[in-house]
């Protein structure tokens, strides 16, 4: 083999090795970029899963609150006619009982001023 052919083969092998190295370097960098994208997508999926669980829990709580409200409305609808037909429905309240009821109303309004009638109660006294 001549020196020129040997030099040509060595140069070709070096170019091929350099091309293969650059190829694998690009593959490695691409994998690193994709790894970051994959991690971000997994984190986003986890957040979406937690949000879905939160929505489901919220639906359960709202449903339970609606059920309690319906039950309370049913009780009130049953008791109001009974209270209006009661013998002492139109009799005046005992002053001590009236004062206890007013104090209880004041405590409720102090605890939750946004309750219906609280502003009216505080203005009427």
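The values are calculated or read from the model by the stated rules, or taken from the named source; none is laboratory data. Note that this is a predicted model, so its numbers are computed, not measured. Glycine gets a Cβ as well: all are built from the backbone with ideal geometry, and neighbour counts include every protein chain shown.
Pick from 54, 30, 49, 117: which is surrounded by 10 or more Cβ atoms within 10 Å (Cβ to Cβ), under 39 Å from the mean Cα position of the chain (by Cα) and on the phi > 0 side of the Ramachandran plot?
117
Being surrounded by fewer than 10 Cβ atoms within 10 Å (Cβ to Cβ) and either in the same structural domain as residue 118 (by TED's automatic domain parsing) or at pLDDT below 95 (or both) narrows it down to one of 79, 108, 84, so name that one.
So the residue among 79, 108, 84 that is surrounded by fewer than 10 Cβ atoms within 10 Å (Cβ to Cβ) and either in the same structural domain as residue 118 (by TED's automatic domain parsing) or at pLDDT below 95 (or both) is 84.
Being over 43 Å from the mean Cα position of the chain (by Cα), in a helix (DSSP H, G or I), exposed (fewer than 10 other Cβ atoms within 10 Å of the Cβ) and free of Cβ contacts under 8 Å to residues at least 40 places away in the same chain: is that true of residue 22 here?
The answer is no for residue 22.
Is it the case that residue 92 is exposed (fewer than 10 other Cβ atoms within 10 Å of the Cβ) and part of a helix (DSSP H, G or I)?
In short, no.
Give 4, 35 a once-over and let me know the one that is surrounded by fewer than 10 Cβ atoms within 10 Å (Cβ to Cβ), assigned to a helix (DSSP H, G or I) and modelled with pLDDT under 90.
On inspection, the qualifying residue turns out to be 4.
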